[in-house]
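Single-structure report; data block below.
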Amino acid sequence: MIAGIGVDVVDVVRFGEQLRRAPALRQRLFTPAERELSTRSLAARFAAKEAVAKALGAPAGMNWQDCRVVPDAEGAPHIEVVGTVAAVAERRGVSRWHLSLSHDGDIATAMVVAEKV
């Protein structure tokens, strides 16, 4: 059963400018491993984190680093939640995540489905 759906779109160029203007943003939003990725990849991961928040009903107090986009065994992007995000997911009965990332020109998009199993 679907518990929530979230979609987000990020302008890669604008996102890169924000990261350059506010370097602390990179540390606040991304894990140390994520921080090393290209701006294009960071924009897609930020879109995924936003989509997860939307799928969970945009809870207050979410720590952005508690939601990670990591490759699964086949290399496809996968959502991993810990801490604050995992706690909200547990309260909502979410036990499985589905993620699709896409890029087109300077746009990064993420679609997330939170599932109750």
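Just so you know, all these numbers are worked out from the coordinates, no wet-lab data involved. On a predicted model such as this, the values are computed, not experimentally measured, just so you know. Every residue, glycine among them, receives a Cβ derived from its backbone with ideal geometry; neighbour counts consider all protein chains shown.
Are any residues in region 78-114 crowded, with 17+ Cβ neighbours inside 10 Å and either charged (D, E, K, R) or within 20 Å of Arg26 (Cα to Cα) (or both), and if so, which ones?
Of region 78-114, the ones crowded, with 17+ Cβ neighbours inside 10 Å are 79, 81, 84-85, 88-89, 94, 97, 99, 101, 108-114.
Within region 78-114, Ile79, Val81, Thr84, Val85, Leu101, Ala108, Thr109, Ala110 meet the criteria.
Do you know which residues across region 12-40 are more than 15 Å from the chain's Cα centre (by Cα) and acidic (Asp, Glu)? If the condition is that a residue be more than 15 Å from the chain's Cα centre (by Cα) and acidic (Asp, Glu), then Glu17, Glu36 are the ones that fit. Take the conditions (1) within 20 Å of Val117 (Cα to Cα); (2) in a helix (DSSP H, G or I); Phe15 misses just one of them, which is (1). Condition test on Gly61, is it over 13 Å from the mean Cα position of the chain (by Cα), closer than 18 Å to Gly4 by Cβ, touching a residue at least 24 places away in the same chain (Cβ under 8 Å) and surrounded by fewer than 16 Cβ atoms within 10 Å (Cβ to Cβ)? Criteria not met by Gly61.
Against the definition (under 11 Å from the mean Cα position of the chain (by Cα) and either more than 22 Å from Gln18 (Cα to Cα) or without any contact (Cβ under 8 Å) to a residue 40 or more places away in the chain (or both)), how does Glu115 come out, yes or no?
Details: under 11 Å from the mean Cα position of the chain (by Cα): no; either more than 22 Å from Gln18 (Cα to Cα) or without any contact (Cβ under 8 Å) to a residue 40 or more places away in the chain (or both): yes.
When the stated conditions are applied, Glu115 does not pass them.
Taking residues in region 1-26 that are surrounded by 14 or more Cβ atoms within 10 Å (Cβ to Cβ), and partners anywhere that are part of a helix (DSSP H, G or I) and of a type in the set (Ser, Thr, Tyr), the pairs with Cβ atoms closer than 6 Å and at least 6 places apart or on different chains are Gly16/Thr39.
One residue is enough: does region 47-60 have a residue meeting the conditions among the β-branched types (Val, Ile, Thr) and in contact with a His (Cβ under 7 Å, 6 or more places away or on another chain)? The answer is no; no qualifying residue exists.
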